């Protein structure tokens, strides 16, 4: 794409790992790379002016989740269960730091290995601490098992399950334990009450006979942000790799379908973050953090 097609910019990747791998190529070649979903905080702490993202970093995501739990849910006494990987540990560190700054009292924190399957000993320890709120930071697979086993142990506790409630497989794994779980996701269809938000939802439903997923919404907006950068570069008579890069970093309050988008100087983004609750098989908007 860089050497043969001589592209002006690259859209991707979807995960932090593939994005980090691609950055090794795009940074050296001086080609803009825009990711719609990668959250690893380290991606924008390297002084790389050829990378940006339209998803909030893990650090911002975790800090905002703490603000929501404490301010909107009065979750002053929080217990954290955290998967032992870089992404979820980054979210947990930001969550804990923000919670402390807001005066919340930690009830406890346990790190579990990605291969874990039996969470009942951990859950028993958690229940003994009598927290007011449980925060599970992991993948939908292990988070589903945690909520399933909580239900079997008849542990009833308000639970924040990160992005898992939006994933159908999480509901399949957790079963009835998934009902009522809260989460924070990239985008919830119908949550953006702007002309762009309403038009996107209306047109998508007319074409595909269903609402767009968070991933489809993020991909849609990322492409339009990139297109806007190209348009601005053309207007400035600087349709080059550097020109498109500079145009992207000038974007402020872009009226995206998933909310207003502002690209920051380090490549991070300011955008809305919907917090949701899973009720049966439906996601309901609990709070839109702007």
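Odds and ends about this structure:
- Within the stretch 190-290, strands (runs of 3 or more DSSP E) holding 3 or more residues that are more than 22 Å from residue 16 (Cβ to Cβ): 273-279, 282-289
- Filtered by the rule that a residue be part of a helix (DSSP H, G or I) and surrounded by fewer than 18 Cβ atoms within 10 Å (Cβ to Cβ), the stretch 1-19 gives 17, 18.
- Among the residues making up the stretch 25-62, those that are part of a helix (DSSP H, G or I), within 18 Å of residue 137 (Cα to Cα) and touching a strand residue (DSSP E or B) at 6+ places or on another chain (Cβ under 9 Å) are 60, 61, 62.
- Every listed requirement among (1) within 20 Å of residue 262 (Cα to Cα); (2) surrounded by fewer than 18 Cβ atoms within 10 Å (Cβ to Cβ); (3) in contact (Cβ under 8 Å) with a residue 12 or more places away in the chain is met by residue 185 save one, (2).
- Within the stretch 71-99, tally of residues that are surrounded by fewer than 16 Cβ atoms within 10 Å (Cβ to Cβ), more than 20 Å from residue 41 (Cα to Cα) and out of contact with any strand residue (DSSP E or B) (no Cβ under 6 Å at 6 or more places or on another chain): 2
- Criterion: in the same structural domain as residue 258 (by TED's automatic domain parsing), modelled with pLDDT under 95 and in contact with a helix residue (DSSP H, G or I) (Cβ under 9 Å, 6 or more places away or on another chain) - qualifying residue of 42, 35: 42
- Single unsatisfied condition, residue 214 versus (1) in contact (Cβ under 8 Å) with a residue 60 or more places away in the chain; (2) within 27 Å of residue 32 (Cα to Cα): (1)
- Residue match in the stretch 68-77 (condition: farther than 30 Å from residue 29 by Cβ and under 15 Å from the mean Cα position of the chain (by Cα)): yes
- Residue satisfying condition, being on the phi > 0 side of the Ramachandran plot and either loosely packed, with under 14 Cβ neighbours inside 10 Å or in contact (Cβ under 8 Å) with a residue 60 or more places away in the chain (or both), within set 197, 256, 190: 190
- Applying a threshold of 6 Å to beta carbon distances and a minimum spacing of six or more residues, or different chains, the list of pairs starting in the stretch 218-231 at a residue that is in the same structural domain as residue 251 (by TED's automatic domain parsing) and at pLDDT 95 or above and ending at one that is part of a helix (DSSP H, G or I) and crowded, with 19+ Cβ neighbours inside 10 Å reads 229/244; 229/247; 229/248; 230/244.
The values are calculated or read from the model by the stated rules, or taken from the named source; none is laboratory data. Note that this is a predicted model, so its numbers are computed, not measured. Glycine also receives a Cβ, built like all others from the backbone with ideal geometry; neighbour counts cover every protein chain displayed.
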